[in-house]
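The structure appears right after this line, and notes come after that.
The values are calculated or read from the model by the stated rules, or taken from the named source; none is laboratory data. Just so you know, these numbers come straight off a predicted model, no measurement behind them. Cβ sites come from the backbone with ideal geometry, for glycine too, and all protein chains shown count toward neighbours.
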Amino acid sequence: MKTAGSFFACMIWAGFALGCSSGAVGRGMGEQIRFSAPAAPDKELLPLVEGAKNIGVLSTTNIEPVQSLDIEKVMGRLTDATARGLRNLKDRTIIGQDEIRWHFRDVLFDSTTIFGDSLQQALRSELELDGMVYITLRSLDSKVTPVSPGPFGAVNSPGLNLSVELELVYINLHTGEKWSQAGRRSSWQPVQVDMVGGGRGDPTERQMLMALASPLRQFLTRLAPPPRRQTRHFDTSGD
């Protein structure tokens, strides 16, 4: 039975990440071989990522818990999905936030500390990190509406209008240079009640994860794009 985390991972990567595959097309004097090859980061970001062999991932939020919504659990799943996406970068080691928080268990992580020189020095010297992806949930607004969207317009049943603002920052821990991308997304869906329990996680969590997926996907598309399908022609004549 799928969990909300696996649902979120499938949602992000379905149709996004290409599996490694190859095939031969053509006969006679040559063949066209199709394969998937690692893609380079966006040209604007390449100088920040070059030489970064070890990259960490960390998320924080100051948003107060919302009834029936475990925000920390959602952010943990979002961070795990980010770490999986960063593994598209060739020859890099990705350090997840569980290891970072365990190592610095006496540190309160927020935007003040993560951008401070002392913590960045500690991340370099103690964990040998070269870069860091820092994820912040800036805002979360939820409102129950008397109507909800249906296939032919609004219907008279309760709906949940949920809006999130997510900021993602990549920091080069050697130079202090950083690149950030923020996105606000809204999701309006009928209120769903899990009558049985144990289905695929809380429906509100799934709705929030779906709203967060778009800005995360845009960030990873530039920083750690998935492998790209390529075709090469090889001479198989034997000469």
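Some observations on this one:
- One residue stands out among those in region 168-180 that are part of a strand (DSSP E or B) and buried (at least 17 other Cβ atoms within 10 Å of the Cβ): the one that is nearest to the chain's Cα centre (by Cα), which is 168.
- Residues that are out of contact with any Pro (no Cβ under 8 Å at 6 or more places or on another chain), within 19 Å of residue 222 (Cα to Cα) and small (Gly, Ala, Ser) within region 146-185 comprise just one, 180.
- Strands (runs of 3 or more DSSP E) fully within region 11-94 counting 3 or more residues that are at pLDDT 90 or above: 54-61
- Of residues in region 105-126 being in contact (Cβ under 8 Å) with a residue 24 or more places away in the chain and either assigned to a loop (DSSP other than H, G, I, E, B) or polar (S, T, N, Q) (or both), the one surrounded by the most Cβ atoms within 10 Å (Cβ to Cβ): 120
- Leading residue by the ranking (modelled with the highest pLDDT) among those in region 105-121 that are within 20 Å of residue 174 (Cα to Cα) and touching a helix residue (DSSP H, G or I) at 6+ places or on another chain (Cβ under 7 Å): 119
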